[in-house]
Structures are given as structure tokens and as C-alpha cells.
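*Asks:* This is the structure I want to talk about, given as C-alpha cells.
We did not get these values from a lab; they are worked out from the coordinates using the rules stated. The model shown is predicted, which means the values in this text are computed figures rather than measured ones. FYI the Cβ positions are ideal-geometry reconstructions off the backbone, even for glycines, and counts take in every protein chain you see.
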Amino acid sequence: MRPLTVFLAVAFVLSWLAALPLWLGGGLSTPLMPVLGSLMMLTPTLGVLAAWRVSRTPFRVWVRETGLTLGERGGRTLLLVLAAWLGVPALVAAAVAISAALGLLSVDLAGLSLYRAQLEALGAPAPDAPQTAVVLQLLLGVLAGPLLNAIPSLGEEWGWRGYLVPRLTGTRGVVAGLVLSGVIWGAWHAPLTLLGYNYPNLGAGAAVYFIGFCVVAGVILGWLRLRSGSVWPAVVAHGSLNATVGVVLLIGDAAAPPNPAIAGLTGIVGWVLLAICGAVLLRFFPVRAPAAGPVTNQPTSA
């Protein structure tokens, strides 16, 4: 069996198994959701390990070819790690600002009514100084988010960007490979998105809608991988994204809750912003598909 087929089969099948308790009862509201979501994020790494076993590639070579090192230019990689650490929150902030300026997002900085409403729904008391609490949460997300999310983010990124992106771009070209990897990445989220994850207003339609976000975001994450020769900038970007993208739920207005399908980085506004960013990166800082090697030219059977 081809290593790529093994990788995809393991990642997709195990993702459904990890999310199965959500489907059997409770849905996204179950208290187990954070744990099951984190377990699901580890399934692409299990897919990478399964593909390695099939490929018969020496593990030291596999580690290098799937981006677990800093690449050939460690200094560039570290600069891209820093750019991802600070750049993702900047993109999140820009998407929020643009959404508000276009009238697509109602912001309540004075009362933080949506934040208070969420605390009430959880049965938690609102803090005496909610503005301070929100600022602290945002600072924690920006400064420590990539570290706090490092393990689950690596669980995904070693699969999608570490293994899959070089494989697809090496056989289909940079742009086509990045787009296809984003489609696959988005489809893999189906066990959650079919339940309305990220876009509760869309119901099961969120599964298709989220693929669009994964394509435009995946271009940037894939560019980081190819530009550095390392998976670590993408890991940091993914961790920062998960830590900061929910800012609209902290500063929104409970009287006019944000529509995540339109406002913020996950909405249409964010898609356009990410698409422009990705196009600029590919145009002015071009990347090449990796040459065929142990990961991109593997045995077809074990």
C-alpha cells in the first residue's frame, strides 16, 4: 500500500474514532469536547508514523524530510517562527478591525456584553473588571498561545504541512499542491464541522464552508513550511491561530452576536485577507516544491 494512502487512511479513520463520542451523545456541548478535539489533532501524526513504517525509510532521514529539523537555514526558520508568532495575531486583529469598519461586526468594548453572556451561560460569575480579564486573555493568547498549543498543533502540522505539503507540491506544483492540501485538511475536520463546529449557524454546512478557510490559511502555512524547510513555523502559526482567533467572542456585542461565517478571520473578511497575504508571499517570496526524496518518492508497498 502506498505511504500516502496509509497516511490519509489512518488520519481520517482515527479522527472519526476520536470524535465518535460526540456523535453518540452530547455533540459539541459535551464536557469531553476539549479532550476529544485534542486527541483528534494527534491523528495526522499517527498517520505520518504509519506512512513511515510502510515506506521503510530510515527514521533519521524521515525526520529531516518531514520537517522536524530547522531546515537547511536555521536562522531563516527562526525568523519565520517569530513572524508566525506575531503575524497571526496581527492578521486576527486586522480581520476584526476590517469587519467592524465594514459594519459586519458589532463591538462592545465598554460593556463586553457577549463575554459576560458566555460566562453566564457557563454559570460562572462575571469578573469585577471584565476589560482587564479580556486584556489578560488576549495577552496570554498572543504571547503564550503557541507554547500552550504546541503539542496538538504539532500533532496536526507534522501531518498536513510536514508530510503532505511536500508530497503534493512535489508532484502537482506549488499552488495546486497547497490548494489540494488545504482541501484535504478541511475535509479531515468533518467529524467536528458536520456538527457545526466553528460555524454553528450553518449546521452541517459548516463542513463544506470550513474547507474554504483551510485552503486560504493552508496556503500561508504551507508557504512557511516550504520557505523554511521546517514544520516549526507552521506549528507556531497554527498554535497562535487557535489561541487568538476567538477574539470576536470576547469583544462582540450580545445584542448583535458576530456571524463567524462573515466576520473575523474565519469569515469571508478573513478569507479575503488571508488570500491576499498568501498571494503576496508567493509572488514576492517564491518557494519551490522539494526535490523527490524518501518522502516524495517512496516504495509502493511494504
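*Asks:* Computed from these coordinates, which is mean projected area of the Cα convex hull in nm²: (i) 21.6; (ii) 14.3; (iii) 15.5?
*Replies:* Computed from these coordinates, mean projected area of the Cα convex hull in nm² corresponds to label (iii).
*Asks:* Provide the per-residue ³J(HN,Hα) series for region 209-217, in order, calculated from phi with Karplus coefficients 6.51, -1.76, 1.60 and θ = phi - 60°, each as a whole number of Hz, with x at glycine and proline positions.
*Replies:* So the J values, rounded to whole Hz, are 4, 5, 4, x, 5, 5, 5, 6, 5.
*Asks:* Same structure, new question: Can you list the HN-Hα couplings for region 266-280, worked out from phi with the Karplus curve (6.51, -1.76, 1.60; θ = phi - 60°), rounded to whole Hz and with x for Gly and Pro?
*Replies:* Working through the residues one at a time gives 7, x, 4, 4, x, 4, 4, 4, 5, 5, 5, 4, x, 5, 5 Hz.
*Asks:* Which one, Thr57, Leu39, Val272, projects farthest toward the positive side of the charge dipole computed for the chain from Cβ point charges (K/R +1, D/E -1)?
*Replies:* Of the candidates, Thr57 comes out farthest on the positive side.
*Asks:* Using the 10 angstrom Cβ neighbour count as an exposure proxy, how do Ser230, Ser99, Ser29 rank, fewest first?
*Replies:* The order, fewest Cβ neighbours first, is Ser29, Ser99, Ser230.
*Asks:* Right, another one. Which value in deg cm²/dmol, rounded to the nearest 500, describes the helix-derived mean residue ellipticity at 222 nm for the chain, given -39,500 (n - 2.57) per DSSP H run of n ≥ 4 and division by the residue count?
*Replies:* Helices in the chain give a 222 nm mean residue ellipticity of -21000 deg cm²/dmol.
*Asks:* A follow-up question, please. Can you put Met1, Met40, Met33 in order, fewest other beta carbons within 10 Å first?
*Replies:* Met1, Met33, Met40
*Asks:* Can you list the residues, at least 5 places off or on another chain, whose amide H is less than 5 Å from the amide H of Leu68, using H built in the peptide plane?
*Replies:* For Leu68, the qualifying residues are Val231.
*Asks:* Now a separate question. Rank these for me by crowding, Thr57, Thr169, going from fewest to most other beta carbons within 10 Å.
*Replies:* In order of increasing Cβ crowding within 10 Å: Thr57, Thr169.
*Asks:* Treating only the Cβ of Lys, Arg, Asp and Glu as charged (+1, +1, -1, -1), what charge dipole size does region 3-284 show about its Cα centre? Round to the nearest 20 debye.
*Replies:* 1160 debye
*Asks:* Grab the other residues whose beta carbon is less than 12 angstrom from that of Gly239, score K and R as +1, D and E as -1, and report the net.
*Replies:* Here the count lands on -2.
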